[in-house]
Protein chains: 2
Amino acid sequence: MRTVQVGQAILSRNDKLAERNRGFFQAHKLSVVNVLSGPGSGKTTFLRETARGLNGKLKTGIIVGDLATDNDAQKLRASGAPVVQITTGTMCHLEANMIAKALKQLPVEELQLLIIENVGNLVCPASFDLGEDLRVVLLSVTEGEDKPLKYPPMFQAADVVIISKIDLAEACEFNPEQALANIRRVAPKARVFETSAKTGEGMDAWREYLVEYHLRGKGDPGRSGGEV
Amino acid sequence: MRTVQVGQAILSRNDKLAERNRGFFQAHKLSVVNVLSGPGSGKTTFLRETARGLNGKLKTGIIVGDLATDNDAQKLRASGAPVVQITTGTMCHLEANMIAKALKQLPVEELQLLIIENVGNLVCPASFDLGEDLRVVLLSVTEGEDKPLKYPPMFQAADVVIISKIDLAEACEFNPEQALANIRRVAPKARVFETSAKTGEGMDAWREYLVEYHLRGKGDPGRSGGEV
């Protein structure tokens, strides 16, 4: 089938460029997280608070992808970290070459952590490696416990799952045990953090995890994976 | 660019098959709504309550698309309507040919309304016409007021925008005026309903709209649009 072949060619080209990014990141001792979720799960607020709390601990830069508007970039700049916006137009995911281009606008030599906020989409970005060390998938309590089972490719590829907006759990009748069981079925090795960027719950543990992950170094080629 | 051309070829093939569906629907006097949103915005519960309340008013059938699991199909069957599940695997949207195939499993001659619950994705399904009369986009109060601006292709194509989970508005500090202003900027003609499938708020108005829409008939070829 021609369409499938072309699709594979795009993916294979992206995979190569992602490895090139990975080598570039290793050379710069830059830890890179690719943050993914559906729209409205609270990625931007979560990442703003992540970067704000890392001030003085890890020098952090941010790349953010959106179809339109620079609302998220503006919000992220409040963290104090340098932010580069990628406007994708109608494209539903970020690709490795976009990251390579955006890197030129960041002071890479000075950074230790690069956070990439992907386009809000729980399907397509799963197929596109950006050269990251860690894939972080957000699941908001407002989305329901069943999402890991309904969107398996995204959760299977997660090294870390962040349950976000945990302050709304009661209002949403969210069952954390059920959610955890569903995450475990799809991503048995993923680290899970329950967080609220609003109240701060769980944010310290998550930031400490990032600091430790970075300090352990980037000895292994390729992603380090959820066994961390 | 080769990839773009192939993408256009897929879209153009889909557009033709969507018109074929549209003709088929007209012949059967079947009103068809394509329901779209991001993951976890409450589409399934909203549609279950929509179909349940239409019992005895409009003979309704449902087609539901999901990457994996038949959770949604099971939930929708509780409405009493016949439900056909399409499992898309890794595909991020429904296409017209999938609908044509699924129709064979529905008692089309007996139906007046066909509800299509698309894959949870606020980007890709916008590009794929299924032959529907109405596009309905859900925006959950938990997703935030800015989504129409951040995902313009989806909202621009909406005939109806459903603000869902309105019972959670206060807990989420959701500002309905701001949301409405954002919807109006992107989709000035769309009909907007504020609803809660949980409390029933706004559900009668939405169901009456569907009944009236159907009763006014399907005289015009193609979609009737948001001016209704």
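The values are calculated or read from the model by the stated rules, or taken from the named source; none is laboratory data. Just so you know, these numbers come straight off a predicted model, no measurement behind them. Glycine gets a Cβ as well: all are built from the backbone with ideal geometry, and neighbour counts include every protein chain shown. Surface areas here come from the heavy atoms of the whole protein model, side chains and all, with no ligands, DNA or RNA. Shrake-Rupley method; radii C 1.70, N 1.55, O 1.52, S 1.80 Å.
Ignoring ligands, DNA and RNA, how much accessible area is buried between chains B and A, both sides summed, with a 1.4 Å probe, to the nearest 100 Å²? It would help to have the intermediate numbers written out before the result.
Details: alone 10710 and 10710 Å², together 18570 Å².
Its buried surface, counting both partners, is about 2900 Å².
Interface residues of segment A:104-128, defined as those losing at least 40 Å² of solvent-accessible heavy-atom surface relative to the isolated chain (probe radius 1.4 Å), are listed as A:Val123. Normalised by the number of residues in chain A, the average gap of Cα pairs under 8 Å and 6 or more apart makes the relative contact order 24 percent. Ligands, DNA and RNA are left out, and with a 1.4 angstrom probe the accessible area of segment B:3-217 is 39 Å² per residue. 3J(HN,Hα) along segment A:21-27, derived from phi through the Karplus expression 6.51 cos²θ - 1.76 cosθ + 1.60 where θ = phi - 60°, amounts to 4, 4, x, 4, 4, 4, 4 Hz, with x in place of Gly and Pro.
Rolling a 1.4 Å probe over the protein heavy atoms leaves B:Glu208 with an accessible area of roughly 110 Å².
Listed peptides A:138-150, B:162-174, B:195-207 appear in the order A:138-150, B:162-174, B:195-207 once ranked by packing, highest mean of other Cβ atoms within 10 Å at the front.
Sort segment A:1-148 into rounded, prolate or oblate with this rule: let a ≥ b ≥ c be the square roots of the eigenvalues of the Cα gyration tensor; rounded if a/c is under 1.5, and if a/c is not under 1.5, prolate when a/b is larger than b/c, oblate otherwise.
Judged from the Cα gyration tensor, segment A:1-148 comes out oblate (a/c at least 1.5, b/c at or above a/b).
The modelled label-to-label distance between B:Lys75 and A:Leu180, using points 7 Å beyond Cα along the C-beta direction, is 2.3 nm. Adding -39500 (n - 2.57) for every DSSP H run of four residues or longer, then dividing by how many residues chain A holds, sets the calculated 222 nm ellipticity at -11500 deg cm²/dmol.
Remark on segment B:143-157: accessible area falls by at least 50 square angstrom from chain-alone to full-complex state for B:Lys150, B:Tyr151, probe 1.4 angstrom. Within segment B:68-88, the residues that become at least 20 Å² less accessible when every protein chain is included than when their own chain is isolated (1.4 Å probe; DNA, RNA and ligands ignored) are B:Ala68, B:Thr69, B:Asn71, B:Asp72. With 19 Å as the limit on Cα-Cα distance, the pairs of A:Lys150/B:Lys75; A:Lys189/B:Lys75; B:Lys147/B:Lys189; A:Lys59/A:Lys104; A:Lys16/A:Lys59; A:Lys150/B:Lys104 that go past it are A:Lys189/B:Lys75; A:Lys16/A:Lys59; A:Lys150/B:Lys104. Determine the shape class of the protein assembly as shown: with a ≥ b ≥ c the square roots of the Cα gyration tensor eigenvalues, call it rounded for a/c under 1.5, and otherwise prolate if a/b is greater than b/c, oblate otherwise. Here the protein assembly as shown falls in the prolate category.
With all pairs of separate Cα atoms included, segment B:88-228 yields a Kirkwood hydrodynamic radius of 16.3 Å. Across the accessible surface of the protein assembly as shown, with the other protein chains kept in place and a 1.4 Å probe, carbon and sulfur atoms take up 49 percent.
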